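Some notes on the structure that comes next.
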Amino acid sequence: MSNQIQNTQEVHNRSDLHKVTPSGYNVFDVQSGVSGKTYKVVISHDRTSATCNCKWGTTRGRMTGWKSACAHAQSVFEFLANQDGRTVSAWNNPDAASRQHRPTIKIGDGVTLTSRKVFEKPRKSEAQLLIELGY
Ligand SMILES: [Zn+2]
C-alpha cells in the first residue's frame, strides 16, 4: 500500500461532510457523514499530526510514526482552524503548498495543509449601493 494520499483534494472535500465534536484534551469524535460511524482522532500536542482509529489510520503504523492524514484527521484540523477564523486547504505537492505563502503543516501521508483567514466581504457603503441601484 502506498503511504501517500494521492487524491488529497477529494479526501479533504470529504472531510467537510464529517461532524467534529471535542471529547477531551486534543481528542475529538468525528462522525462520518458518509458511513455514520464515529471515529476517535487524537491530535498531537503541537497540533501538527493526528492519529485516527479508522481503517486507514490504524494501518499507518510505524512507517508513518502513527500519523494519519485521513479525512477524519483533516476534518479536525479544519475544525481547529475554523476556531481561529481560518480555513484549510490540502495539498499533496509540498512545492504547491509553499507557493501559497501561508502557514503550513505536514500532517503525514504526503499531505500538507495550508491555512488562510476566512475572507469576509467588506460591507458596501450606502453610497455604493445607491450607485448600483441606479440612483
Ligand atoms: Zn480516520
Revision key, fill the gap. Put in order of increasing Cβ neighbours within 10 Å, starting from the fewest, Phe77, Phe28, Phe119 give Phe119, Phe28, Phe77
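Would you order Leu113, Leu17 from fewest to most other beta-carbon atoms within 10 Å of each residue's own beta-carbon?
On the way: Leu113 24, Leu17 12.
Result, fewest neighbours first: Leu17, Leu113.
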Review point. In degrees between 0 and 90, to the nearest 10, how far off the longest principal axis of the chain does helix 71-83 point, with axes built from Cα atoms?
Key: 40 degrees
Exercise for review: Please report the relative contact order for the chain, taking Cα pairs under 8 Å with a sequence separation of at least 6, and give it as a percent rounded to a whole number.
Suggested key: 22 percent
Exercise for review: Would you please state the base-10 log of I(q)/I(0) at q = 0.10, 0.13 1/Å for segment 8-132, with intensities from the Debye formula using one equal scatterer on every alpha carbon?
Suggested key: -0.35, -0.53
Revision key, fill the gap. Neighbours of Val30 by Cβ distance under 14 Å: Lys/Arg at +1, Asp/Glu at -1, summed charge +2
Practice item. Calculate the dipole size of the chain relative to its Cα centre from +1 charges on Lys and Arg beta carbons and -1 charges on Asp and Glu beta carbons; express the result in debye to the nearest 20. Key: 280 debye
Point to revise | Overall Cα dimensions of segment 1-61, principal axis frame, Å, largest first | key: 31, 25, 18
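No value in this document is a laboratory result; all are computed from the given coordinates. Not measured: the values here are computed from a predicted model. Glycine also receives a Cβ, built like all others from the backbone with ideal geometry; neighbour counts cover every protein chain displayed.
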